[in-house]
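A.B. asks: There's a structure below that I have some questions on.
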Amino acid sequence: MRLQAADPKTLAGEFLQAFGNQNALLTAGDRERCNTMTIGWCQLGRLWNLPVCTVYVRPERYTYQFMESHDYFSVCVLPDGEACKQTMSLCGAQSGRLVDKVRECGLTLRYGAGDAPLFEEAALALVCKKLFVQDMAPACVTAGEDKILPYYGKKGGWHRIYTGEVVEAYTAIKN
Ligand SMILES: Cc1cc2nc3c(=O)[nH]c(=O)nc-3n(C[C@H](O)[C@H](O)[C@H](O)COP(=O)(O)O)c2cc1C
């Protein structure tokens, strides 16, 4: 399969379906250095009348450093299957500080707007430009405190929210 550029608006349905049901790879960096990790939290929508994608990254992730130092990031959904499961599992358990996850998973890098790294193996990919960044905080939990606060803070730092304008979309075509 190969990725081809597509209009994000015409793919909105497909993207919503994919992101609502599958984990994805969040990747940031440039042609020199980059890192990727599995994400489960991801939303697509509209903000300030722009198409946006929002992701959540804990500060202790290696990926966080790349999200901070770069203006663009990508979100890739891989085709469902065994390879996808293994990649999601490795990229969600190992840190790029210790493992070259791109090489380990046999992923092929390509670059989109702002030199954002993304993967040729993706079924769907979005390239986003950071638009809004904010930290999640206990004081902002307004409901379900008993469900969230007792466990959430214990697992690590509170996530930083990154909302990016969707500047490019890609979909896989068969050769
Ligand atoms: C299914 C799944 C979903 C995950 N979702 C997120 C997420 O949305 N945000 C986050 O910060 N970490 C998430 N993680 C954890 C990171 O993927 C994991 O800590 C990873 O090893 C971080 O890699 P890094 O240190 O190279 O950035 C998830 C892990 C899994 C297995």
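Just so you know, all these numbers are worked out from the coordinates, no wet-lab data involved. Computed from a predicted structure; not experimentally measured. Every residue, glycine as well, gets a Cβ built from its backbone with ideal geometry; the counts of neighbours run over all protein chains shown.
A.B. asks: For the residues 130, 85, what sequence is obtained by ranking on other C-beta atoms within 10 Å, fewest first? Don't jump to the answer; show the numbers that get you there.
C.D. replies: Numbers: 130 17, 85 12.
Sorted ascending by nearby Cβ count, the order is 85, 130.
A.B. asks: Between the stretch 134-157 and the stretch 1-52, what is the C-alpha centre distance in whole Å?
C.D. replies: For the stretch 134-157 versus the stretch 1-52, the Cα centre distance is 25 Å.
A.B. asks: Using only the alpha-carbon atoms of the stretch 23-175, report the extent along each of the three principal axes, biggest first, to the nearest angstrom.
C.D. replies: 50, 37, 29
A.B. asks: Could you please rank 75, 52, 141, placing first whichever residue has the fewest other Cβ atoms within 10 Å of its Cβ? The partial results should precede the final answer.
C.D. replies: Numbers: 75 25, 52 20, 141 14.
The order, fewest Cβ neighbours first, is 141, 52, 75.
A.B. asks: How would 2, 160 line up from fewest to most surrounding beta-carbon atoms within 10 angstrom?
C.D. replies: Numbers: 2 11, 160 18.
The fewest-first ordering by Cβ neighbours comes to 2, 160.
A.B. asks: Give the lysines whose C-alpha is closer than 26 Å to that of residue 147, dropping any in the same chain fewer than 8 places away, or say none.
C.D. replies: The reachable lysines, counting only those whose Cα sits under 26 Å from residue 147, are 155.
A.B. asks: On to the next question. At a Förster radius of 35 Å, what calculated FRET efficiency corresponds to the Cβ-Cβ distance of residue 151 and residue 5, to the nearest 0.05? Could the numbers behind the result be given before it?
C.D. replies: On the way: r = 41 Å, r/R0 = 1.17.
Working from the Cβ atoms, E equals 0.30.
A.B. asks: Under a crude label model (7 Å from the Cα following the beta-carbon direction), how far is residue 103 from residue 56 in nanometres?
C.D. replies: About 3.4 nm, to one decimal.
A.B. asks: For residue 130, go through the aspartates and glutamates and keep the ones whose alpha-carbon is under 12 Å away, minus same-chain ones fewer than eight residues off.
C.D. replies: 68, 71, 165
A.B. asks: Sticking with this structure for a sec: At residue 68 and residue 134, where each label point lies 7 Å from the Cα along Cα→Cβ, what is the point-to-point distance in nanometres?
C.D. replies: Simple spin-label model gives 2.0 nm for this pair.
A.B. asks: Same structure again: Highest GNM mean-square fluctuation, the chain, Cα pairs closer than 10 Å: which of 165, 60, 68?
C.D. replies: 60
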